[in-house]
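Structure record follows, encoded as structure tokens.
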Amino acid sequence: ACRSDTDVRGLLGEEGASVVDASLSRGGVPTVALSSRRVYALHAGLGVWQRVVDAGAFAHSSFSSSLPPPTGDGASGQEVAALETLVRGGARAPQLRRALLGTSAARQQEETARHLEGLLKAAETMESPEEYVSWLRAYALHLAQAGEADRLRELCASMLGPPAAPNDGGEADEHGGWSPWILGRHARHLVRTVILPAAAKAPEMQRVVFDIKDQADALADRHGAPPEREAGNTAGDRMVT
């Protein structure tokens, strides 16, 4: 959800809402936490307040009671996870666990997927690249373990881009608006080093993983290997061979 008024007073139209915290992210993005247990960040590109955390949403997500994400990498950069923990509050953890106990597996899987999609968007809005990679890895693993082959293929297709698109993206209008960069990291590189290694952990997804790897290899043969974000920012990334 977005609010087009960049004045923070435009956010206070929510019933009974008041500002409980305001700060800048590590990337310099203004964030505002409200008494409604929601957090908004000012999207630099769109100039709107975008909701990045909503404590009342995704109660049945398996990640709602296990933040920050269990990836072990870039923990110091987990800003969205920290905001979620702040507004949800430790006292809600038992309630969340009880909610999960009464939830069907199908509902939990779907809500977890939507939660992770929201966390990815939030990390992008917050300009938190390390956290984006963590959530992308968690999302790919979740889709693989849930048997969501079509969803996994769609995710990779959106990041690999059109076969004719060069690694620099070329003319956006010629390639459906595909952008090769996400928070300074190349989307094709993320497929190889983040998504595929995570998805490969699910044995039943091996064929899908190799199909996607073949697509990535074909792109590399045609356009060359995609560049990494920069030397020194690839720790923890592993390429599927």
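Of everything in segment 99-155 that is out of contact with any Phe, Trp or Tyr (no Cβ under 9 Å at 6 or more places or on another chain) and β-branched (V, I, T), the residue that is farthest from T193 (Cα to Cα) is T103. In segment 166-185, which residues are modelled with pLDDT under 90 and either touching a Ser or Thr at 6+ places or on another chain (Cβ under 7 Å) or hydrophobic (A, V, I, L, M, F, W, C) (or both)? Result: G169, A172. Within segment 180-196, the presence of a residue that is more than 17 Å from the chain's Cα centre (by Cα) and surrounded by 13 or more Cβ atoms within 10 Å (Cβ to Cβ) is excluded. In the set (1) part of a loop (DSSP other than H, G, I, E, B); (2) surrounded by 14 or more Cβ atoms within 10 Å (Cβ to Cβ); (3) not basic (K, R), the condition left unmet by A164 is number (2).
Right, L24: loosely packed, with under 15 Cβ neighbours inside 10 Å and under 17 Å from G118 (Cβ atoms) or not? Here the answer is no, as L24 does not meet what is asked.
Residue check: V87 meets all listed conditions (1) at pLDDT 75 or above; (2) β-branched (V, I, T); (3) in contact with a Ser or Thr (Cβ under 7 Å, 6 or more places away or on another chain); (4) not in a strand (DSSP E or B) but one, namely (3).
Restricting the first member to segment 13-26 and to residues that are under 24 Å from E124 (Cβ atoms), and the second to residues that are of a type in the set (D, E, K, R) and modelled with pLDDT under 90, the beta-carbon pairs closer than 7 Å and six or more apart or on different chains are S25/E79; R26/E79. Looking only at residues in segment 144-161 that are of a type in the set (A, V, I, L, M, F, W, C) and not in a loop (DSSP other than H, G, I, E, B), the one that is surrounded by the fewest Cβ atoms within 10 Å (Cβ to Cβ) is A157.
The values are calculated or read from the model by the stated rules, or taken from the named source; none is laboratory data. Since the model is a prediction, treat every value here as computed from it, not as a measurement. Here Cβ is always computed from backbone atoms with ideal geometry, including for glycine, and neighbour counts include all displayed protein chains.
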